[in-house]
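The values are calculated or read from the model by the stated rules, or taken from the named source; none is laboratory data. The model shown is predicted, which means the values in this text are computed figures rather than measured ones. Methodologically, a virtual Cβ is constructed for each residue, glycine included, from the backbone with ideal geometry; neighbour enumeration extends over all protein chains shown. The area values use the complete protein model at the heavy-atom level, side chains included, leaving out ligands, DNA and RNA. Shrake-Rupley method; radii C 1.70, N 1.55, O 1.52, S 1.80 Å.
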Amino acid sequence: MLTPIQQNFRNAMAKLAAGVNIITTNGTAGKCGITATAVCSVTDTPPTIMVCINKNSEMNPVFQRNKRLCINVLSAEQVDLAQHFAGFKGSCMDERFEWAVWHEKHDPTAQPSLNNALANLTGTIVDMRDIGTHSMFLVELDDIQVSEQGQALVYFSRQFHTVGTSE
């Protein structure tokens with residue numbers, strides 16, 4: 001049961017519009033992905049981003065052990081993928097990576113990056129800290145791909161929405 005301040009915090013955070021991302025990893029600990037909105041730019045020197053993942057997630061230790069990940073910034077057309085990787089659709093992890101939505105890479109340890117994402121940000125986890133219910137990962141980026149087209153997918157008031165122009 002949540003305390004009143006915890007419930008108010010969750011309600012307030014539901015009013016904070018956030019970009020929707022699928023965070024993926026591949027390495028010796030396995031391949032997995034998760035939908036996340038707790039992603040934030042930290043600095044451009046060196047390019048570093050923060051990603052937060054619930055400590056109770058079965059995928060958290062996979063990210064920690066692999067130490068590499070890709071932040072796939074979703075376009076509005078990828079809402080179905082967001083729902084699958086959030087666990088709303090009942091698909092298993094292996095099935096999600098068999099779909100023809102991924103860049104083909106010949107390196108078996110390459111990080112999974114989505115075709116048609118607004119951006120693919122790949123890097124190495126350089127610092128990890130547990131704060132309350134979540135692990136915070138600081139990721140130094142070494143590969144950044146950006147699309148020139150597409151509308152953004154955001155999460156606001158516990159629903160997915162489209163933002164931007166399609167130009």
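What is the residue count in the range 108-136 for residues that are part of a loop (DSSP other than H, G, I, E, B) and aliphatic (A, V, I, L, M)? Number satisfying all stated conditions: 3. Scanning the range 35-63 for residues that are in a strand (DSSP E or B) and more than 19 Å from GLU140 (Cα to Cα) yields a total of 2.
Any residue in the range 4-23 that is polar (S, T, N, Q), touching a strand residue (DSSP E or B) at 6+ places or on another chain (Cβ under 7 Å) and at pLDDT 95 or above?
yes
Here is a yes/no grid of residues against (1) under 13 Å from the mean Cα position of the chain (by Cα); (2) surrounded by 15 or more Cβ atoms within 10 Å (Cβ to Cβ); (3) within 29 Å of THR45 (Cβ to Cβ):
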position: ASN66; (1), (2), (3): no, yes, yes
position: ILE71; (1), (2), (3): yes, yes, yes
position: PRO112; (1), (2), (3): yes, yes, yes
position: LEU121; (1), (2), (3): yes, yes, yes
position: PHE137; (1), (2), (3): yes, yes, yes
position: ASP143; (1), (2), (3): no, no, yes
position: ALA152; (1), (2), (3): no, yes, yes
position: SER157; (1), (2), (3): no, no, no
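Taking the criterion of being touching a residue at least 24 places away in the same chain (Cβ under 8 Å) and either part of a loop (DSSP other than H, G, I, E, B) or open to solvent by less than 30 Å² (accessible area, probe 1.4 Å) (or both), the residues of the range 88-107 that qualify are ARG96, PHE97. One residue stands out among those in the range 134-167 that are charged (D, E, K, R) and closer than 25 Å to HIS103 by Cα: the one that is modelled with the lowest pLDDT, which is GLU167.
Are any of the residues in the range 41-58 free of Cβ contacts under 8 Å to residues at least 60 places away in the same chain and within 14 Å of the chain's Cα centre (by Cα)?
First, pick out the residues of the range 41-58 that are free of Cβ contacts under 8 Å to residues at least 60 places away in the same chain: 41, 43-45, 57-58.
Adding the requirement that they be within 14 Å of the chain's Cα centre (by Cα) leaves 41, 57.
There is at least one residue in the range 41-58 that is free of Cβ contacts under 8 Å to residues at least 60 places away in the same chain and within 14 Å of the chain's Cα centre (by Cα).
Taken across the range 82-90, residues that are farther than 18 Å from LEU153 by Cβ and at pLDDT below 95 do occur, with at least one present. Scanning the range 2-51 for residues that are on the phi > 0 side of the Ramachandran plot and open to solvent by 60 Å² or more (accessible area, probe 1.4 Å) returns no hits.
Exactly one residue out of ASN21, ASN11 is out of contact with any Phe, Trp or Tyr (no Cβ under 8 Å at 6 or more places or on another chain) and either under 19 Å from GLN83 (Cα atoms) or in contact (Cβ under 8 Å) with a residue 60 or more places away in the chain (or both): that is ASN21.
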